[in-house]
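Enquirer: Below is a structure I'd like to ask you about.
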Amino acid sequence: MIHVNVYEKWWIGLTTLMLVVFGTAVGVSAFMGGIQVPIPEARIDPRTVAADPKFKDGSLQMLAPGKYVAYVRAQASPWKFFPEKIEVPLNSTVTFYVTSGDVQHGFRIDGTNINVMILPGQVSKMTAKFDKAGEFPFVCHEYCGVGHQNMFGKVIVK
Ligand SMILES: [Cu+2]
């Protein structure tokens, strides 16, 4: 039997306990808190995305009552989101597909768990359910150039 110092035993116990606590926190937030990792859904040519019918001005499609798909394009110079306003009825589930045609941007919608980095050439996918009426502002949270502060929009839930 190896002799383990009493302090070492305490540290082994403490670090094991911390692993259990952190593992539980990750598990609870993932499965009960609805935390989702943005999925890189597809690749798209960033040179032609501004001409893509879904991403050119952005778009919102209704798949079924209460079920929507939103295509969002972030652009630098002029700095803005396409579309800047997304309007859906109360209790809608919206799946967002976001991409960029130029530089790296960010996309975070207040009051939801949507928070993703937008990468040129990659289409990222996230889903949120809007079960409260109101306005949910979204912003670019990755510094993307001199007009970065102008990149915002909102989801309007009626
Ligand atoms: Cu941006």
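Laboratory data are not the source of any read-out in this text; all were calculated from the coordinates shown. Quick caveat, the model's predicted, so the values are computed rather than measured. Heads up, the Cβs are rebuilt from the backbone with ideal geometry, glycines too, and the neighbour counts pull from every protein chain shown.
Enquirer: Can you give the charge dipole size of the chain about its Cα centre, rounded to the nearest 20 debye, using +1 on the beta carbon of Lys and Arg and -1 on the beta carbon of Asp and Glu?
Expert: Charge dipole of the chain: 240 debye, to the nearest 20.
Enquirer: What's the tally of Lys pairs in the chain whose alpha-carbon atoms lie under 23 angstrom apart, where the two lysines are 8 or more places apart or on different chains?
Expert: 29
Enquirer: Note the full-extension length gain between Gln61 and Asn115 as 0.36 nm times their separation in residues minus their Cα-Cα distance, in nm to one decimal.
Expert: 17.3 nm
Enquirer: Through the Karplus equation 6.51 cos²θ - 1.76 cosθ + 1.60, θ set to phi - 60°, convert the phi angles of segment 117-126 into ³J(HN,Hα) values in whole Hz; use x for Gly and Pro.
Expert: 8, 9, 10, x, x, 10, 9, 9, 10, 8
Enquirer: Then there's this: Dipole magnitude of segment 55-122 about its Cα centre, charges +1 at Lys/Arg Cβ and -1 at Asp/Glu Cβ only, in debye to the nearest 20?
Expert: It comes to approximately 80 debye.
Enquirer: Moving on. Return the whole-Å distance between the Cα centroid of segment 103-147 and the Cα centroid of segment 22-77.
Expert: About 8 Å separates the Cα centre of segment 103-147 from the one of segment 22-77.
Enquirer: Per 5 Å bin, what percent of the C-alpha pairs of the chain does each bin hold, from zero upward?
Expert: Going from the shortest bin to the longest, the percentages are 2, 9, 16, 18, 16, 11, 7, 5, 4, 4, 4, 3, 2, 1, 0.
Enquirer: How much length would be gained if the chain were fully extended between Leu90 and Val28, taking 0.36 nm per residue of separation minus their Cα-Cα distance, in nm to one decimal?
Expert: Between Leu90 and Val28, full extension yields an extra 19.6 nm.
Enquirer: Apply 1/(1 + (r/R0)^6) to the Cβ-Cβ distance of Lys9 and Val37, taking R0 = 30 Å, and write down the FRET efficiency to the nearest 0.05.
Expert: So, using R0 = 30 Å, E works out to roughly 0.25.
Enquirer: How do Asp45, Asp52 rank when sorted from fewest to most other Cβ atoms within 10 Å of their own Cβ?
Expert: Ranked by crowding around the Cβ, least crowded first: Asp45, Asp52.
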